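Colleague: Let me begin by handing over the structure; questions about it come next.
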Amino acid sequence: MAPVLRSLLVRLPIVVGLGLAGLVASAAEARAQDDASTPVARVKYDGGGDWYSDEESLRELFAFARQHTLLDVTPQEEAVELTTDKLFTFPYLYLTGHGNVTFSETEADRLRRYLRQGGFLHIDDNYGLDEHIRPELEKVFPDKKLVEVPFDHSIYTTPYDFSDGLPKIHEHDGEAPKGYGYFDDHGRLMVFYTVETDLGDGWEPAPVHSNPPEKRRAALRMGTNILVYTMTH
């Protein structure tokens with residue numbers, strides 16, 4: 001996404017001492033520039049996987065971010081296919097599911113162009129996605145390696161401190177949660193892939209998965225970190 005667009009979309013967080021001074025002079029100035037909310041999209045993919053899973057998760061995350069920061073994200077995500085030109089209007093894409101996902105050559109090419117032009121993709125394994133998504137990501141970036149994102153990266157530290165890594169939300173295989181990524185040539189994180197955590201489950205309304213309040217709060221805070229990173233880089 002173009003830097004000008006991102007400058008219109010960013011809103012400074014207000015509740016946790018951030019080091020974001022200088023990104024936007026003030027929330028009032030940001031809103032004066034553009035009153036529109038930041039659009040976010042969920043990727044609708046082929047292959048038979050449930051791309052629509054955790055249906056209320058993003059709405060809950062956006063509500064939390066709007067309450068606790070000045071990020072003016074849209075109240076509701078849209079669904080987008082990688083073949084549509086509307087893809088390039090979203091600064092943040094979210095992809096989740098339990099099973100199969102496939103990208104055609106055209107979809108892989110378009111996703112690669114979207115990411116290299118400044119877009120961001122968060123993939124959240126809802127258990128069962130991992131074995132399917134990794135080969136598809138290799139289609140997108142055959143010349144790059146999926147690497148673990150270091151814990152001192154700003155996606156783990158701003159605005160909330162997750163300097164020990166991702167919170168563990170869902171049991172999955174009982175392993176430690178991991179955050180993997182692809183970086184562009186300038187060091188910007190283009191793809192953030194969360195495994196063995198299932199943040200989307202934690203974003204869902206509390207009664208859906210019966211997560212304890214502290215676990216749900218951790219998931220929402222980590223999701224807010226991802227949104228803040230997306231809108232400021």
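What follows draws every value from the coordinates through simple rules; no lab data is involved. Keep in mind that what you see is a predicted model, and the values were worked out from it rather than measured. All Cβ positions, even for glycine, are placed from backbone atoms using ideal geometry, and neighbour counts span all protein chains on display.
Colleague: Under a crude label model (7 Å from the Cα following the beta-carbon direction), how far is Ser163 from His98 in nanometres?
Modeller: For the pair Ser163/His98, the computed spacing is 3.8 nm.
Colleague: Moving on to the next point. So, with +1 on the Cβ of K and R and -1 on the Cβ of D and E, and no other charges, what is the size of the charge dipole of segment 125-192 about its Cα centre, to the nearest 20 debye?
Modeller: So the magnitude is around 180 debye.
Colleague: Which lysines does Lys144 reach when only Cα atoms under 21 Å apart count, and residues fewer than 8 places away in its own chain are ignored?
Modeller: Leaving aside lysines fewer than 8 places away in the same chain, those within reach of Lys144 are Lys178.
Colleague: Moving on to the next point. Determine the gain in length on full extension of the stretch Glu131-Arg59; use 0.36 nm per residue of separation and subtract their C-alpha separation, reporting nm with one decimal.
Modeller: 23.2 nm
Colleague: Okay, next question. What is the gain in length, in nm to one decimal, between Arg188 and Lys86 on full extension, counting 0.36 nm per residue of separation less the C-alpha to C-alpha distance?
Modeller: The span from Arg188 to Lys86 would gain 34.5 nm if fully extended.
Colleague: Taking 35 Å as R0, compute the FRET efficiency from the Cβ-Cβ separation of Glu148 and Ser37 and round it to 0.05. Let's see the in-between values first.
Modeller: On the way: r = 33 Å, r/R0 = 0.93.
For Glu148 and Ser37, the calculated efficiency is 0.60.
Colleague: Using only alpha carbon positions, build the gyration tensor of segment 137-233, then give the equivalent ellipsoid semi-axes as the square roots of 5 times its eigenvalues, largest first, whole angstrom.
Modeller: The three semi-axes for segment 137-233 are 24, 16, 11 Å.
Colleague: Arranged from highest to lowest average of other beta-carbon atoms within 10 Å per residue, in what order do the peptides 49-55, 216-222, 193-199, 168-174 appear? List each step's numbers first, then the result.
Modeller: Values: 49-55: 17.6, 216-222: 22.0, 193-199: 24.4, 168-174: 14.9.
So the peptides 49-55, 216-222, 193-199, 168-174, ranked by packing, come out 193-199, 216-222, 49-55, 168-174.
Colleague: Now a separate question. Using a ≥ b ≥ c from the Cα gyration tensor of segment 150-202 (square roots of the eigenvalues), is it rounded, prolate or oblate, where a/c under 1.5 gives rounded and otherwise the larger of a/b and b/c decides, a/b for prolate? The partial results should precede the final answer.
Modeller: Details: a/c = 2.30, a/b = 1.60, b/c = 1.44.
Judged from the Cα gyration tensor, segment 150-202 comes out prolate (a/c at least 1.5, a/b above b/c).
Colleague: In addition: Under 5 Å between amide H atoms, partner at least 5 residues away or on a different chain: which partners does Met190 have, H built in plane at 1.01 Å?
Modeller: Here the answer is Tyr182, Phe183, Asp184, since their amide H atoms fall under 5 Å of that of Met190.
Colleague: Then there's this: Counting DSSP beta bridges in segment 45-196, what percent are antiparallel, to the nearest 5?
Modeller: Rounded to the nearest five, the antiparallel share is 45 percent.
Colleague: Note down, for segment 51-172, the three equivalent ellipsoid semi-axes (square root of 5 times each alpha carbon gyration tensor eigenvalue), biggest first, whole angstrom.
Modeller: Working from the Cα gyration tensor, I get semi-axes of 24, 19, 16 Å.
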